[in-house]
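In what follows, a structure is listed as structure tokens, so that the remarks can point back to it.
The values are calculated or read from the model by the stated rules, or taken from the named source; none is laboratory data. The shown structure was predicted, so the numbers you read here are calculated from the model rather than taken from an experiment. Don't worry about glycine lacking a Cβ; one is built from the backbone with ideal geometry, like all the others, and counts go over all protein chains shown. Side chains are part of the model used for accessible areas, which takes the heavy atoms of the whole protein and leaves out ligands, DNA and RNA. Shrake-Rupley method; radii C 1.70, N 1.55, O 1.52, S 1.80 Å.
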Amino acid sequence: MTDLVLPKIDAYAAAYSLPETPVRRALREETERTMEFARMLVGPLEGAFLHMMTRLVQATRVLEIGMFTGYSALCFAEALPEQGQVTTCEVDDASAAVARRFFAQSPHGRKVEIRMGPALETMAGLTGPFDLIFIDADKLNYVNYYRRAMELLSPRGVILIDNVLWDGDVLLEPPPDDRTAAIQELNRVVRTDQRVSAVLATIRDGIWIITPTPFA
């Protein structure tokens, strides 16, 4: 993923935003050092954004589609009240093992429940409402995740969808591959969904911020 925002600007914004906890910093550093696809990691600035959104929504139940090594799950958990819970979906055992190890080091790790297996199957068995739903998994299923998320979302909740600028490739016509086409389709679906209000924010690789109440 190339930088849509200048690295120095991103670092400056991160430095002036909510700081990482020591556990998250250690998790990020280990992920960057040892994991093959470390670029999938939610970084400090986006992590601060996720933490802030959790607090603004006053969430008690968070659903995460795509955990990787658990950085974003900890961002949510740290922002939740004592009885709050993050339900997070993952398919990769190696990534989940890293996440479990760092969850055990955090006083907030007990708030996280990992569901292993295909996310759509997990979502089919869940009961809402969730106050915040974060989608950051396989791109080919983004529209399917979004549709199920709308069924699980609280009336006052928020859906956040990551990587929706896709390194700038969303501008390409025709799309160069199936994943780009899937993200373009998601963006069209959200843009034309009369049930919601939404903003595509240019944070990192693009994040949809979606509420289920249309603005007048």
*Which ones in the stretch 39-53 are open to solvent by 30 Å² or more (accessible area, probe 1.4 Å) and either out of contact with any Lys or Arg (no Cβ under 8 Å at 6 or more places or on another chain) or free of Cβ contacts under 8 Å to residues at least 24 places away in the same chain (or both)?*
Arg39, Met40, Phe49, Met52
_Residues satisfying the stated conditions in the stretch 189-216, i.e. within 20 Å of Asp167 (Cβ to Cβ), surrounded by fewer than 19 Cβ atoms within 10 Å (Cβ to Cβ) and not aliphatic (A, V, I, L, M)_ = Arg191, Thr202
*Which of the residues belonging to the stretch 179-188 are open to solvent by less than 20 Å² (accessible area, probe 1.4 Å) and of a type in the set (A, V, I, L, M)?*
Ala182, Ile183, Leu186
*Go through the residues of the stretch 145-159 one by one and say whether even a single one is surrounded by 15 or more Cβ atoms within 10 Å (Cβ to Cβ), in contact with a helix residue (DSSP H, G or I) (Cβ under 6 Å, 6 or more places away or on another chain) and over 19 Å from Gly66 (Cβ atoms).*
no
*Taking into account only those residues within the stretch 10-23 that are under 19 Å from the mean Cα position of the chain (by Cα) and either open to solvent by 60 Å² or more (accessible area, probe 1.4 Å) or in contact (Cβ under 8 Å) with a residue 60 or more places away in the chain (or both), which is farthest from Gln105 (Cα to Cα)?*
Asp10
_Which of the numbered conditions does Thr60 fail, given that it passes all the others? Conditions: (1) within 22 Å of Arg110 (Cβ to Cβ); (2) out of contact with any helix residue (DSSP H, G or I) (no Cβ under 8 Å at 6 or more places or on another chain); (3) open to solvent by 90 Å² or more (accessible area, probe 1.4 Å)._
(3)
*Could you check, for the stretch 114-129, whether at least one of its residues is touching a Gly at 6+ places or on another chain (Cβ under 7 Å), open to solvent by 20 Å² or more (accessible area, probe 1.4 Å) and touching a residue at least 24 places away in the same chain (Cβ under 8 Å)?*
yes
